[in-house]
């Protein structure tokens with residue numbers, strides 16, 4: 001039996017593409033193990049799939065001063081030793097990494113043991129963790145055509161992002177019942193990423209009376225960011241975080257307001273959902289979401305609203321424009337060639353798996 005180790009973590013975006021590959025890997029007869037951090041979000045997300053999970057020590061590589069910069073290298077070195085020991089026991093034919101800092105000691109350990117590694121870079125420019133892994137990788141998958149120029153030509157492959165097939169199979173009736181909605185008005189889904197987005201949450205709630213004149217609103221606002229005063233508002237349904245119900249909610253959604261994390265927006269493209277992107281500003285990120293959003297805007301998939309320009313009026317105006325021209329955005333997304341990501345990535349895994 002062929003064996004594969006999946007790794008990646010820190011945010012949901014470093015885990016969900018791994019999850020998307022699991023059904024196809026099982027169909028092909030792979031024995032699957034997962035290496036992540038001790039208590040990261042990846043441990044919780046993988047727990048539903050019956051896959052052996054192994055936690056290792058990890059640390060973050062920072063470009064700025066932080067006292068942890070002195071201790072985290074020791075955590076990474078410890079994680080490397082743990083990963084090397086695990087890989088000797090598990091004996092995988094190949095590693096697939098979705099990135100995040102927990103993946104660095106795994107990829108380094110695999111390379112030292114001559115286990116081939118396929119890694120995936122979601123953002124338009126490679127993050128620091130993947131930059132550290134690129135020299136050790138056999139192949140590097142990416143989402144954006146612009147990313148190819150940042151990667152070694154002999155390793156880079158434009159695959160797109162693997163999307164969970166279940167997201168395409170939602171139950172509309174279940175979603176209408178869950179939200180107490182009907183089909184009389186279009187549905188907007190507001191998503192702030194796995195941690196929520198306070199700036200977006202505030203403007204959405206301030207604009208809610210005007211939004212509800214024309215739309216019904218699903219608001220995934222982040223853990224501990226629910227507004228109890230709005231729990232019984234007709235046409236408005238809050239969630240702190242959504243897992244199994246997400247596919248159903250997508251089935252009744254007409255357009256989405258979202259941050260511009262690469263995996264999230266690739267899911268929106270696969271679902272052909274017109275979207276308004278509000279990327280994390282440079283003050284709160286390395287700028288990857290700004291680049292992701294600009295790429296999707298230039299390809300005709302999205303409208304982009306910068307957070308510094310976000311207020312009630314700009315939100316409402318952008319949503320009106322998006323809904324009025326929704327068919328043109330849908331047509332652009334339907335013309336994209338990056339819908340076969342799972343098969344493309346599985347082919348690379350198969351080609352590079354050690355016999």
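Annotations
- For region 154-181, the set of residues classified as surrounded by fewer than 17 Cβ atoms within 10 Å (Cβ to Cβ), at pLDDT 95 or above, part of a loop (DSSP other than H, G, I, E, B) and at negative phi consists of 154, 155, 171, listed by residue number.
- Within region 91-117, the residues that satisfy the criterion of being under 15 Å from residue 15 (Cβ atoms) and assigned to a helix (DSSP H, G or I) are 103, 106.
- Selection of region 201-229 for residues being touching a helix residue (DSSP H, G or I) at 6+ places or on another chain (Cβ under 8 Å), assigned to a helix (DSSP H, G or I) and surrounded by 14 or more Cβ atoms within 10 Å (Cβ to Cβ) yields 203, 204, 205, 207, 208, 211.
- Candidates 148, 113, 124, 132 - the one that is touching a helix residue (DSSP H, G or I) at 6+ places or on another chain (Cβ under 7 Å), without any contact (Cβ under 8 Å) to a residue 60 or more places away in the chain and not assigned by TED's automatic domain parsing to the domain that holds residue 294: 113
- Note on region 314-338: among residues that are assigned to a helix (DSSP H, G or I), more than 27 Å from residue 202 (Cβ to Cβ) and in contact (Cβ under 8 Å) with a residue 60 or more places away in the chain, the one that is nearest to the chain's Cα centre (by Cα) is 333.
- Scoring residue 195 on the criteria (1) assigned to a loop (DSSP other than H, G, I, E, B); (2) modelled with pLDDT of 90 or more; (3) over 29 Å from residue 25 (Cα atoms); (4) under 23 Å from the mean Cα position of the chain (by Cα) leaves a single failure, condition (2).
- The condition (being assigned to a loop (DSSP other than H, G, I, E, B), crowded, with 20+ Cβ neighbours inside 10 Å and not assigned by TED's automatic domain parsing to the domain that holds residue 138) is satisfied by just one residue among 280, 276: 280.
- The set of residues in region 118-135 being assigned to a helix (DSSP H, G or I) and surrounded by fewer than 20 Cβ atoms within 10 Å (Cβ to Cβ) consists of 128, 131, 132, 134, 135.
- Qualifying positions in region 288-313 - part of a loop (DSSP other than H, G, I, E, B) and either buried (at least 19 other Cβ atoms within 10 Å of the Cβ) or touching a residue at least 40 places away in the same chain (Cβ under 8 Å) (or both): 301, 305, 310, 311
- Considering the conditions (1) touching a strand residue (DSSP E or B) at 6+ places or on another chain (Cβ under 6 Å); (2) surrounded by fewer than 23 Cβ atoms within 10 Å (Cβ to Cβ); (3) not in a strand (DSSP E or B), residue 260 is excluded by exactly one of them, (2).
The values are calculated or read from the model by the stated rules, or taken from the named source; none is laboratory data. Not measured: the values here are computed from a predicted model. Please note: Cβ atoms are built from the backbone with ideal geometry, for glycine as well, and neighbour counts cover all protein chains shown.
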